[in-house]
Amino acid sequence: MQLYRGLTGPIENNVIENSYLNKPREPRDSHVHVHEVADDWFNYNFGIKARSQTIFCTPDIEQAKEYGEPYIITVPDKSDYKLIFSVDVKDFLEIEADINDVNCKDEIIAWLENKSYAMVTSFCKLPVNFDGEVMLYCEKYEVSKN
C-alpha cells in the first residue's frame, strides 16, 4: 500500500531522519492533554509513544494535501519499522469531536480502547482499501514526489 505525507518547505534530501525520536513532537492540532494521555496509552499497548515519536502518513492523498505538498513515503530497505493504525479512525483529531471532556483521562482512554488500534510491520499488511491515518515508527524514511 502506498502512503503519503503532506510536507511544507523545501526537501533537501529524500531520506529524512525521524527527529521525533530525539525531540518528541508537540501537538499541532490536538489538545495537549489528549496528546499526552494517548501517548501513554500507545506506549503501554505498543511500546511506542505514537503521537510524539511517529511520522503521520495516510494512503489518502487528499488527506495528505491538507498538511502540505503530498510526498510518497517509504522506508529504506532492511530498516525496521512499525505502522500503527485503526480501521475506525480516519484522523486522530476525531477524538476531540467524539468525547465530552478533553481533560478527562478516562474518556480519552475509553475512546482509544474502542477504536481497535493495531500494529503491523509491513506496508503490505495494512488493510486493503484502508484510507485513514497511519503512524509510522522508524529511524529514517524516504520521500518522493507523487
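The values are calculated or read from the model by the stated rules, or taken from the named source; none is laboratory data. These numbers were taken from a predicted model, which means no experiment stands behind them. Note that we place each Cβ from the backbone using ideal geometry, even for glycine, and neighbour counts take in every protein chain shown. The accessibility values were calculated without ligands, DNA or RNA, using every heavy atom of the protein model including side chains. Shrake-Rupley method; radii C 1.70, N 1.55, O 1.52, S 1.80 Å.
Filter segment 62-74 for residues that are open to solvent by 40 Å² or more (accessible area, probe 1.4 Å) and in contact (Cβ under 8 Å) with a residue 24 or more places away in the chain and give the result. Hits for segment 62-74 are Lys65, Glu66, Tyr67, Glu69, Thr74. Kindly check whether there is at least one residue in segment 64-79 that is at pLDDT below 95, touching a Pro at 6+ places or on another chain (Cβ under 9 Å) and at negative phi. Taking every residue of segment 64-79 in turn, at least one turns out to be at pLDDT below 95, touching a Pro at 6+ places or on another chain (Cβ under 9 Å) and at negative phi.
For segment 1-56: of the residues being touching a Pro at 6+ places or on another chain (Cβ under 9 Å) and of a type in the set (Asp, Glu), which is surrounded by the fewest Cβ atoms within 10 Å (Cβ to Cβ)?
Glu36
Tell me yes or no: at least one residue of segment 134-142 is without any contact (Cβ under 8 Å) to a residue 24 or more places away in the chain, open to solvent by 30 Å² or more (accessible area, probe 1.4 Å) and within 22 Å of Arg28 (Cα to Cα). No: segment 134-142 contains no residue that is without any contact (Cβ under 8 Å) to a residue 24 or more places away in the chain, open to solvent by 30 Å² or more (accessible area, probe 1.4 Å) and within 22 Å of Arg28 (Cα to Cα). Going through segment 87-133 one residue at a time, which ones are closer than 22 Å to Pro24 by Cα, β-branched (Val, Ile, Thr) and touching a helix residue (DSSP H, G or I) at 6+ places or on another chain (Cβ under 7 Å)? Passing the criteria: Ile95, Val102, Ile108, Ile109.
Checked against the criteria, Leu93 counts as among the aliphatic types (A, V, I, L, M) and at pLDDT below 95. Kindly establish whether Asp101 is open to solvent by 20 Å² or more (accessible area, probe 1.4 Å) and more than 12 Å from the chain's Cα centre (by Cα). Against the criterion (open to solvent by 20 Å² or more (accessible area, probe 1.4 Å) and more than 12 Å from the chain's Cα centre (by Cα)), Asp101 qualifies.
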